[in-house]
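Novice: Have a look at the structure that comes next, please.
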Amino acid sequence: MNRHISRVAWTAMGLLVALVVATTYWQTWARPALAARQDNEIQRVAEFEIRRGAIVNDPKVLARNVARQVGRKTLYFRRYPQGKLAAHVVGYSTVGRARAGLERSLNDVLTGSNRGLGSLVDQTLDELGGEPIIGDSVVTTLDLEAQQVALDQLGSRCGAVAAFDPRTGRLLVMASSPSYDPNYVESRFGEIAAIKADCTPASPLLNRASAGLYPPGSTFKVVTASAALESRRFTPDSTFYDPGYCIAYGKRVNNFDTSRPFGNLSLRTALQYSVNSVFCKMGQALGARRIDLIRSQLTEAL
């Protein structure tokens, strides 16, 4: 008899331990991943009981909360005071259309769901006491004046501008055109869908700076120059002759301006003025395998 009671007791203890472990896992380690799922509608609606952290660019606020009483609950909905200025960076958080931008990628921070176990215990006690959960704020590194200049220069053209501080890697500008007002996503989405630009479709919700597909163009010259210097076959003072073009695979690769070739110039000058013929010749001398090796190393470093 005692043996049967002992088995039941050990079984009950095992189930209790499993329950504690599972609850701890879902409440701590798995919580951010669950919160980030766009198809988790129950979680998404429940998050509007959370006072999300603000998204700011000191001293301006890019995303803030507006409290609204719904039944017996206080729900917090988002407003975007800067409108389309940083729409693709900030994104949106809505009931009907989920999230995008920082509102999506940093949702666990903004809702406070990435906190440690101790903070989660305090958070749970606040919930039981009727206090709202308060998320953490996010501070961006954008230069809003430069952001505005980028949008103005893009105008009605479809395109993007991105700028970084080379000393720190901070993002200063990420503008995509056409832009949209994230305040319209929830209730005035038709106005966003009606936006037109110099391309079809205009796709205003598309962040062309991060999701657009473009040929690397002259940005790849940095890779070719790195491969050339790493090979030690070339130095910044290596000289080349530029006739205004280069022949590759039987086809002519022209400089941007073929009417004014540089003649004799150094690698340093060729990089400064982005001279196609010089980098074409270096690529032929180095070979695709060496350049691709450097490309993969730079990609890993980034």
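The values are calculated or read from the model by the stated rules, or taken from the named source; none is laboratory data. The structure displayed is predicted, hence computed values, not measured ones. Please note: Cβ atoms are built from the backbone with ideal geometry, for glycine as well, and neighbour counts cover all protein chains shown. With ligands, DNA and RNA removed, areas are computed over all heavy atoms of the protein, side chains included. Shrake-Rupley method; radii C 1.70, N 1.55, O 1.52, S 1.80 Å.
Novice: Kindly provide the set of residues from the stretch 185-226 that are in contact (Cβ under 8 Å) with a residue 24 or more places away in the chain, part of a loop (DSSP other than H, G, I, E, B) and among the aliphatic types (A, V, I, L, M), ordered by number.
Specialist: Hits for the stretch 185-226 are 185, 197, 202, 205, 206, 209.
Novice: Considering only residues that are within 14 Å of residue 239 (Cβ to Cβ), polar (S, T, N, Q) and part of a helix (DSSP H, G or I), which ones fall in the stretch 259-279?
Specialist: Matches in the stretch 259-279: 269, 277.
Novice: Moving to a separate point now. When you scan the stretch 173-180, do you find a residue that is at pLDDT 95 or above, of a type outside the set (Gly, Ala, Ser) and open to solvent by 20 Å² or more (accessible area, probe 1.4 Å), even just one?
Specialist: Yes - at least one qualifying residue is present in the stretch 173-180.
Novice: Return the residues of the stretch 67-94 that are in a strand (DSSP E or B) and within 30 Å of residue 170 (Cα to Cα); say none if nothing qualifies.
Specialist: If the condition is that a residue be in a strand (DSSP E or B) and within 30 Å of residue 170 (Cα to Cα), then 77, 78, 79, 92, 93 are the ones that fit.
Novice: Right, another one. With in contact (Cβ under 8 Å) with a residue 12 or more places away in the chain, assigned to a helix (DSSP H, G or I) and open to solvent by 40 Å² or more (accessible area, probe 1.4 Å) as the only criterion, which of 64, 104, 97 stands out?
Specialist: Step by step, each of 64, 104, 97 is checked, and only 104 is in contact (Cβ under 8 Å) with a residue 12 or more places away in the chain, assigned to a helix (DSSP H, G or I) and open to solvent by 40 Å² or more (accessible area, probe 1.4 Å).
Novice: Let me ask another. Going residue by residue through the stretch 126-146, is there one that turns out to be under 29 Å from residue 215 (Cα atoms) and either buried (at least 18 other Cβ atoms within 10 Å of the Cβ) or at pLDDT below 95 (or both)?
Specialist: Within the stretch 126-146, one or more residues are under 29 Å from residue 215 (Cα atoms) and either buried (at least 18 other Cβ atoms within 10 Å of the Cβ) or at pLDDT below 95 (or both).
Novice: Follow-up. Taking the residues in the stretch 73-87 that are within 16 Å of residue 47 (Cα to Cα) and of a type in the set (Lys, Arg) as candidates, determine which candidate is most open to solvent (accessible area, probe 1.4 Å).
Specialist: Per the stated criteria, the residue is 73.
Novice: Residue 90 - would you say it is modelled with pLDDT of 95 or more and either more than 24 Å from residue 205 (Cα to Cα) or open to solvent by less than 20 Å² (accessible area, probe 1.4 Å) (or both)?
Specialist: Against the criterion (modelled with pLDDT of 95 or more and either more than 24 Å from residue 205 (Cα to Cα) or open to solvent by less than 20 Å² (accessible area, probe 1.4 Å) (or both)), residue 90 qualifies.
Novice: Check residue 106 against each of (1) touching a strand residue (DSSP E or B) at 6+ places or on another chain (Cβ under 7 Å); (2) more than 21 Å from residue 141 (Cβ to Cβ) and name the one condition it does not meet.
Specialist: (2)
Novice: Further question on the same structure: Looking at (1) open to solvent by less than 70 Å² (accessible area, probe 1.4 Å); (2) out of contact with any Ser or Thr (no Cβ under 7 Å at 6 or more places or on another chain); (3) at pLDDT below 95, which is the one condition that is false for residue 10?
Specialist: Of the numbered conditions (1) open to solvent by less than 70 Å² (accessible area, probe 1.4 Å); (2) out of contact with any Ser or Thr (no Cβ under 7 Å at 6 or more places or on another chain); (3) at pLDDT below 95, the odd one out for residue 10 is (1).
Novice: Out of 206, 267, 286, which single residue is open to solvent by 60 Å² or more (accessible area, probe 1.4 Å) and among the aliphatic types (A, V, I, L, M)?
Specialist: Matching residue, one of 206, 267, 286: 206.
Novice: For residue 176, state whether it is within 23 Å of the chain's Cα centre (by Cα), touching a residue at least 12 places away in the same chain (Cβ under 8 Å), in a loop (DSSP other than H, G, I, E, B) and under 21 Å from residue 63 (Cα atoms).
Specialist: No; evaluated as a whole, the condition is false for this residue.
Novice: If I go through the stretch 216-264 residue by residue, how many of them are open to solvent by less than 50 Å² (accessible area, probe 1.4 Å) and acidic (Asp, Glu)?
Specialist: Of the residues in that region, 1 qualify.
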